[in-house]
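The next block holds one structure in the form of structure tokens; read it before the comments.
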Amino acid sequence: QVQLVESGGGLVQAGGSLRLSCAASGNIISANNMGWYRQLPGKQRELVAGITSGGSTNYADSVKGRFTISRDNAKATVYLQMSSLRPEDTAVYYCNAELRVGLIFGTSTKNYWGQGTQVIVSS
């Protein structure tokens, strides 16, 4: 069974840092685009950062210069290094990945979501 497992969330004071990890497990052939989304209290889920299989990245304006997304293709894992955290960064963060998975006699490319991890930044 293919799934995304997130870790690294928690409580941190303003100005601190956290590193989120998301590892794909199962019969993974390769990972295409991967990224992090977040859902702020009372708000719609939004893209935080994305990274392609070739390493190209993009960030939401609100996190540019503070967050860094990276990946390890061999481990089908994506990371989000967050620094200079602000109270307004408080949200549930979700991992997303487009994965090519192995079937019995072939492969299939599908989009997957993690369960989400809570990040709370205190003032």
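Of everything in the range 54-90 that's farther than 21 Å from residue 23 by Cβ and part of a strand (DSSP E or B), which residue is least open to solvent (accessible area, probe 1.4 Å)?
Filtering the range 54-90 for residues that are farther than 21 Å from residue 23 by Cβ and part of a strand (DSSP E or B), the one least open to solvent (accessible area, probe 1.4 Å) comes out as 59.
Mind counting the residues in the range 1-31 that are out of contact with any Lys or Arg (no Cβ under 9 Å at 6 or more places or on another chain) and crowded, with 16+ Cβ neighbours inside 10 Å?
Number of matching residues: 8.
Across the range 32-53, which residue is least open to solvent (accessible area, probe 1.4 Å) among those that are farther than 18 Å from residue 111 by Cα and not polar (S, T, N, Q)?
Just the residues of the range 32-53 that are farther than 18 Å from residue 111 by Cα, to begin with: 39-44.
The next check asks that each one be not polar (S, T, N, Q); those that pass are 40-43.
Working: 40: 35, 41: 106, 42: 86, 43: 125 Å².
Taking the candidates together, the pick is 40.
Considering the range 91-107 alone, what residues qualify as being of a type in the set (Val, Ile, Thr), open to solvent by 20 Å² or more (accessible area, probe 1.4 Å) and not in a loop (DSSP other than H, G, I, E, B)?
Initial filter on the range 91-107 (of a type in the set (Val, Ile, Thr)): 92, 101, 104, 107.
Those left that are additionally open to solvent by 20 Å² or more (accessible area, probe 1.4 Å): 92, 104, 107.
Correct list: 92, 107.
Return a yes/no flag: does the range 15-38 have any residue that is of a type in the set (Lys, Arg), part of a loop (DSSP other than H, G, I, E, B) and touching a Phe, Trp or Tyr at 6+ places or on another chain (Cβ under 6 Å).
Taking every residue of the range 15-38 in turn, none turns out to be of a type in the set (Lys, Arg), part of a loop (DSSP other than H, G, I, E, B) and touching a Phe, Trp or Tyr at 6+ places or on another chain (Cβ under 6 Å).
The values are calculated or read from the model by the stated rules, or taken from the named source; none is laboratory data. Nothing here was measured: the structure is a model prediction, and the numbers come from that model. Note that we place each Cβ from the backbone using ideal geometry, even for glycine, and neighbour counts take in every protein chain shown. SASA here: full protein model, heavy atoms, side chains in, ligands and nucleic acids out. Shrake-Rupley method; radii C 1.70, N 1.55, O 1.52, S 1.80 Å.
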